[in-house]
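Comments concern the structure below.
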Amino acid sequence: MAFPSRILFISIVCFFCLAAHAQELNKAIVKVVPFSSLQKGLHPFQTDCRNILREPQVQWDQIEIVSFKAQSALQLKISGEVLENLDVRFWSRRILLYDKNKKPLKPVILPAISLPLKNETGYFLISVNVPEEANMISVPLEFYGADRFRYLIHVRNVHQEMTAEAYPNLDKVGRDFCTRDLMWAGVGLMGAVQKQDTSPVETTLDLSSFTFDNLSFEKRWNWKVDRSIRVFAHSGTFQFNNFLDVAGAERVIDINTDVTFTRRHWNYKNSLFKVQYGYLGSANFERRPYAVILSSTEGSISVGQHLSVAAGGYAELFSHNNKWYTEATLRFHPLHLGLDHTYSGIGFSGSLGIARPFGYEKALGIYSYGTMFQGKHSGSDTKDNSDVFYFQTHLEIRYGWLF
């Protein structure tokens with residue numbers, strides 16, 4: 001199909017058949033609202049890390065309205081030039097119309113098969129005929145290629161002092177953003193149970209502790225698109241309650257570093273929320289107290305330190321109403337290295353939290369996380385040997401900063 005060298009247009013009614021009876025009615029300069037203005041409309045826990053909200057390189061001409069009195073019709077003409085490798089199309093077949101009282105009119109339905117809207121030089125001219133009583137026209141226009149830029153062009157007061165504005169429109173299906181950098185500080189309670197089958201003095205200890213002095217800190221930042229690093233530390237007290245006339249308390253210290261990986265298409269979406277998921281690798285340091293049975297009547301408290309590596313996955317849920325954020329992680333710890341003792345076995349750790357953003361920079365959350373281990377512990381003392389099972393859980397309130 002051959003097109004004029006400078007312009008290319010589509011029209012519901014033949015332009016050339018009506019040109020003899022036409023007269024120019026109105027013109028307006030296009031006011032373009034920048035895509036960057038949509039950043040604040042994103043979920044507060046997300047950011048435009050892929051530069052999706054950049055401005056397309058488009059030079060707009062004036063929008064024109066031409067009147068065809070004999071046919072009681074108006075012709076809207078939108079033109080300009082695309083200065084990068086993008087094509088032009090309608091992202092909806094419906095051209096919405098409103099009368100001077102802002103009441104909707106019957107929309108113009110575009111053909112299912114549309115013609116190209118741009119020629120080889122990048123120039124485009126779009127021509128659409130509408131009823132004469134239309135006073136506001138909304139045109140869904142998209143520039144697409146490696147990225148997609150959707151506008152809803154509102155032309156108002158077509159019979160008076162006409163204005164034209166191009167509003168950016170996010171495509172919720174195709175637009176994906178990254179999690180923002182954040183920092184959490186939390187306070188709450190720690191509950192733990194610890195079972196030890198000791199040797200060479202054979203006994204079974206069932207220990208438990210419940211304290212309200214747990215403190216935590218977490219920092220997360222993106223070091224690449226779809227890559228992030230998380231550092232999480234917490235500390236709480238494990239109380240030993242009068243076994244063999246020994247009572248005391250020691251701090252549990254846990255420091256964990258995750259490197260997370262995801263991809264743009266690793267997500268699930270429905271009408272209420274979007275889930276972004278991925279996998280992670282982890283390194284962990286833990287300082288943990290143990291009971292030591294020295295004889296049938298004597299005991300003491302020992303502390304062991306170890307490193308472990310883990311692998312697992314995570315998921316983040318972003319509600320479409322921008323009011324809630326949920327995060328879940330799960331790790332498997334198959335390998336441990338004791339720093340001052342021998343430590344072997346398998347463990348699991350994980351977390352689940354829900355947060356409510358306040359404005360664009362602050363958030364409040366409730367988080368629960370826990371650790372489970374089953375294996376063997378051997379300390380520096382020959383009597384400090386145990387088959388160990390422990391389960392530790394935390395519930396806390398967090399205050400967060402979004403960057």
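The values are calculated or read from the model by the stated rules, or taken from the named source; none is laboratory data. Just so it is clear, the structure is predicted and the values come from calculations on it, not from any experiment. Don't worry about glycine lacking a Cβ; one is built from the backbone with ideal geometry, like all the others, and counts go over all protein chains shown. For the accessible areas, the whole protein counts, side chains as well, though only heavy atoms, and no ligand, DNA or RNA atoms are used. Shrake-Rupley method; radii C 1.70, N 1.55, O 1.52, S 1.80 Å.
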Exercise. For LYS195, which lysines qualify as cross-link partners when the Cα separation must be under 24 Å and same-chain residues fewer than eight apart are set aside?
Worked result: LYS376, LYS383
Seminar exercise, completed: Probe 1.4 Å, heavy atoms of protein chains only: per residue, the accessible area of the chain in Å² is 49 Å²
Problem set entry | Straight-distance crosslink candidates among aspartates and glutamates, where the alpha carbon sits under 17 Å from LYS69 and sequence neighbours closer than 8 are dropped | GLU24, GLU132, GLU133
Problem set entry | Of all accessible heavy-atom area on the stretch 118-251, the percent that carbon and sulfur account for (1.4 Å) | 53 percent
Problem set entry | Residues in the stretch 198-222 that a label on VAL259 would reach, taking backbone N under 15 Å of a point 7 Å out along Cα→Cβ | 221-222
For this session: Please work out the FRET efficiency for the pair GLN57 and GLN305, using the Cβ-Cβ distance as r and a Förster radius of 60 Å; give the result to the nearest 0.05.
Result: 0.55
Seminar exercise, completed: The percentage of Cα-Cα pairs in the chain separated by more than 28 Å is 61 percent
For this session: Grab the Cα-Cα distance for ASP171 and VAL225, subtract it from 0.36 nm times how many residues apart they are, and report the gain in nm with one decimal.
Result: 17.4 nm
Problem set entry | With at most 14 neighbouring Cβ atoms within 10 Å, loop trypsin sites (Lys or Arg not before Pro) (DSSP) excluded, longest segment of the chain | 173-322
For this session: Determine the relative contact order of the stretch 27-92: mean sequence separation of Cα pairs under 8 Å and six or more apart, normalised by residue count, in whole percent.
Result: 31 percent
For this session: Find how much the distance from LYS376 to LEU337 grows on full extension, using 0.36 nm per residue of separation minus their present alpha carbon separation; answer in nm with one decimal.
Result: 12.8 nm
Exercise. Looking at this model, which pairs from LYS40/LYS100; LYS77/LYS100; LYS40/LYS106; LYS27/LYS106; LYS118/LYS269; LYS106/LYS269 are more than 22 angstrom apart at the alpha-carbon?
Worked result: LYS40/LYS100; LYS40/LYS106; LYS27/LYS106; LYS118/LYS269; LYS106/LYS269
Problem set entry | Expected 222 nm ellipticity per residue - DSSP helices of 4 or more, -39500 (n - 2.57), all of the chain, to 500 | 0 deg cm²/dmol
For this session: Could you pull out every residue, at least 5 positions away or on a different chain, whose amide H is within less than 5 Å of the one on HIS341? Hs are placed 1.01 Å off N in the peptide plane, and Pro or chain starts have none.
Result: GLN305
